Each structure stands twice: as structure tokens, then as C-alpha cells.
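The values are calculated or read from the model by the stated rules, or taken from the named source; none is laboratory data. What you see is a predicted model, and the numbers here were worked out from it, not measured in a lab. Cβ: placed from backbone, ideal geometry, glycine included. Neighbour counts: every protein chain shown. Heavy atoms of the whole protein, side chains included, go into the accessibility calculation; ligands, DNA and RNA do not. Shrake-Rupley method; radii C 1.70, N 1.55, O 1.52, S 1.80 Å.
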Amino acid sequence: MKRNVAALRQALEGLGLAIQFLTRVPLPVACDWNPATRRWAARAYPVVGALIGAALLLVALLGASLPTPVLALLLVSLWVALSGGLHLDGLMDLADALGANVSLERRWAIMKDPQVGSFAILALIFHLAWKVALVWALLEIAVVHEQRLGLWWWVAIPALARFGAVALLVSIPAARAEGLAHVWQQGLGLRDLAWAALILAGLCLVAPLGVAGLGLALGAFTIIFGLGMARAFHGINGDMLGAAIEGGELWLLLCLSSWWWFATA
């Protein structure tokens, strides 16, 4: 009994750590950081994504009477605010590093540089513009086709993108024995990836074909992204995980809107 209670406490503290790390939602409790809670935190990445998606879904329902472009901008603004721009920061740092035609060591120096370069600004502008446009398109599809698109994707896309980050932590070694990616990887394995997939299995009960299709799309993105980072940087770091989450969300939005566009054309 005591063992089960201890395991439950570790799981809850791990969820708290994941919320504190991946969002800017304040928690009124202090969560212990140790190998067990750290592993549970990694397992809870998709759960945090599902919670973010649930918040977006609630706002989408409450703001249904707003003009579609205004609602799309409101939802993407909330999407960014919930994470505090943490993942966007990783995307910008990676864009600056990849945009420079320099040596590997110089790329690492650029990634750590707090100054923002032109490639980072361009990546941010186009990423957010595409995200607003795709959310706008999906909102219009839902209205035109009388909600046949469903609402499951609001929860599934943030959850799947963060599952992709866990998959990268399990499969791609940290480029350097330092930093957040290296710390999070300690002790992680396929069992933890399976735990992280449980929330996705639950979503499959709601929209099995849709979630499975987006899961396959995310798998392709994660493999290509991971191989690209391994080739360019010989591994991953925290900035790349943030970029993978943002890129994964955008890719899934693009896949879903494209699928519905072709299906209804």
C-alpha cells in the first residue's frame, strides 16, 4: 500500500514538474526534483499538451460568435501565452544557428547567444503567420461543414507534438553532456515512451482514424527532424526540443487542414 501511495505521489509530482517546465501556469505547490519524478515528468509531456489543448478548445467554444480571424488570432495568442514563448525561443535560437553558414562550434555559440538575429525574427514571423492562417482555415472548415471536422484535434495536436519531444529524448542522444536535454534523458527508455503514449491511446477512443493519421504524420516529422539535428549538431538540446514542439504543431495543423481540403474539394 505504501509503495502504491509513493508511486502515485511521484507521478503527481512529475505532472506538476511537467506543467511548471512546459507552461507558465502557476502551481501553488513545490514539486520534488529527483530521478523518479523527472521520469514521470517526461511521461507527462503529452498530458500537459492535452491540458493546453483543452484550454484552447474551451476558448474556441466560448468565442464561437467572434469573427473567425479574430478568434484564430486569440487562440494562437493564448497558445503562445500558455507556454510563455518557451518553445518559440528554441525555434528562434535554432533558426539563427542553422541560418549561419559557419562551423559547428560557431553554431553552438550562436544558439547560446541571447541576441536575436534576422533568421530568428523571420522564423518567428512566418511560423506564427502560418499558425494563425491554419487555425483560421480549420475554424472555417468546422463552420462550413457543420462541425463534421470535430473538436478532438484541439487536444490531440498539442498532445502529439509533446509526445514527439519525448520520442526525441528517448531516441536521439544529447549533443553535449550538459543542458536540459541531457538532464531529461537520464534514465529514460522505451517504457517511458509507452507511458507517454497512454493519453494518445485515450484520444484514439474519441477519433481513432484522425488521431492515428496525425500520429503517423508526427512520426514522419519526428524522424526527419531528429535525423536532421543529429547530422547538423550531432545530437539534440533543449532548444531543439522546443523547436520540435512548435514545428510538430504547425506540421499537424498543415496536415489536418490539407486532408480536409482534399476531402471536401
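The table below lists the values:
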{"quantity": "Residue-averaged [θ]222 nm for the chain, counting only DSSP H segments that reach four residues, each worth -39500 (n - 2.57)", "calculated": "-26500 deg cm²/dmol"}
{"quantity": "Relative contact order of the range 95-185, defined on C-alpha pairs under 8 angstrom at six or more residues apart (%)", "calculated": "15"}
{"quantity": "Point-charge dipole on Cβ atoms (K/R +1, D/E -1) for the chain, about Cα centre, debye to 20", "calculated": "680"}
{"quantity": "Cβ charges +1 (Lys, Arg) and -1 (Asp, Glu), total dipole of the range 1-156, debye", "calculated": "640"}
{"quantity": "All-pairs Cα distance distribution in the range 111-198, expressed in whole percent, bin size 5 Å", "calculated": "3, 11, 13, 13, 14, 16, 14, 10, 5, 2, 0"}
{"quantity": "Space enclosed by the convex hull of the alpha-carbon atoms of the range 217-265, per residue, Å³", "calculated": "59"}
{"quantity": "Size-normalised alpha-carbon gyration radius of the range 140-265, reference 2.2 N^0.38 Å", "calculated": "1.15"}
{"quantity": "The range 110-265 - accessible surface per residue (Å², probe 1.4 Å)", "calculated": "49"}
{"quantity": "Percent breakdown of C-alpha pair distances by 10 Å bin, ordered from the shortest bin, for the chain", "calculated": "7, 29, 35, 22, 6, 1"}
{"quantity": "Unit charges at the beta carbon, dipole of the range 21-134: most positive-side option, Ser65, Ser103, Leu122", "calculated": "Ser65"}
{"quantity": "The range 1-158 - Rg over Rh from alpha carbon coordinates, Kirkwood radius", "calculated": "1.06"}
{"quantity": "Of the DSSP H helices in the chain, those whose Cα atoms cover at least 18 Å axially and whose Kyte score averages 0.5 or more", "calculated": "45-62, 68-83, 86-99, 118-144, 152-171, 208-233, 238-264"}
{"quantity": "Relative contact order (%) - criterion: Cα under 8 Å, at least six apart; region: the chain", "calculated": "26"}
{"quantity": "Rounded to whole Å, sorted largest first: equivalent-ellipsoid semi-axes of the range 1-72, Cα gyration tensor", "calculated": "33, 11, 10"}
{"quantity": "Separation in nanometres of the label points that stand 7 Å from Cα toward Cβ, at Gln115 and Ser77", "calculated": "3.2"}
{"quantity": "Long-range amide H partners of Ala174 with built H, under 5 Å", "calculated": "Ile236"}
